[in-house]
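Please treat every number below as a calculation from the coordinates, not as lab data. Computed from a prediction, not measured in an experiment: that's the story for all the values here. Here the Cβ positions follow ideal geometry from the backbone for every residue, glycine too, while neighbour counts run over all protein chains shown.
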Amino acid sequence: MDARTAAASQVCSVARTAALLADPWTVLLVRDLGRGITRFDQLARGLGVARTVLSRRLSELIDDGVVERVDYREPRARTRAEYRLTRRGRDLGVVLAALMDFGDRHLAGDAGPPVVRVHTGCGAPVRLVSVCGAGHRLGRTDEVHLEPGPGAPVTHTHTDTDTDTDQEPR
C-alpha cells in the first residue's frame, strides 16, 4: 500500500487531507487554480511542471471532486478545457492560507514574505483566527483538546456485565 492510500484510509481528517494534497505539485496546482489560472498551458508554464505530471494531478483532483473540467471553444479553434475548483476545492483555500501563514512566519527569510494577503475592503493584512462554536476568539495561550467526533471508531469497553472466565469475579 502506498503512502497516499495508507493516509487516506486512516480515520483522521488531517491524514485524509494530506492524502488528498499528496505532493507539492498538487498543492501548488490548487493554489494556482484558486488564483484564477485555469488553462492547462498556463498552469504548466506557471508551475514549470512536466505536462504528464500536470495531467496526472489534474485527473486525480477531478476524481477526488476538487477540480472540474469545463470545455470551452474560442472562434475558429478546437474545443479545449479549463479547470476550475469545485466547492470542495475552494474550501481548501483556508488550508493553503494556513500553509502560507506558516511559511511566512517560519520560512520566509530576512526579506519577509513574497506575497501578503490583504483585505480589499480596507487594505489591512488578513490573518487566520480560530473561533469556537460559542464565538470566542482563541489566542495562542488558550487550551484546546480533542474529543471523539461522530465519525470516530466505536471501541468496545469492558463492563461489569461482560463475562470473562480468566478473571476473578468483581
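Observations on the model:
- Placing +1 on each Lys and Arg Cβ and -1 on each Asp and Glu Cβ, with no other charges, gives the chain a dipole about its Cα centre of roughly 1600 debye.
- Choice from 99, 33, 21 with maximal GNM fluctuation in the chain (Cα, 10 Å cutoff): 99
- Relative contact order, percent, segment 32-162 [alpha-carbon distance under 8 Å, six or more residues apart]: 14
- With K and R counted +1 and D and E -1, the other residues having a Cβ less than 13 Å from that of residue 4 yield a net charge of -2.
- Take the Cα radius of gyration of the chain and divide it by 2.2 N^0.38 Å, N being the number of residues; the result is 1.46.
- Its convex hull of Cα atoms gives segment 30-130 a direction-averaged projected area, equal to a quarter of the hull surface, of 9.1 nm².
- Label-point separation in nm, residue 144 to residue 17, each point 7 Å along Cα→Cβ: 0.9
- Nearest 10 degrees, 0 to 90: helix 93-106 Cα axis against the chain principal axis: 90
- Additional length obtainable on full extension of the chain from residue 91 to residue 72, 0.36 nm per residue less Cα span: 4.4 nm
- The chain - mean residue ellipticity at 222 nm from DSSP helices (-39,500 (n - 2.57) per run, n ≥ 4, rounded to 500): -11000 deg cm²/dmol
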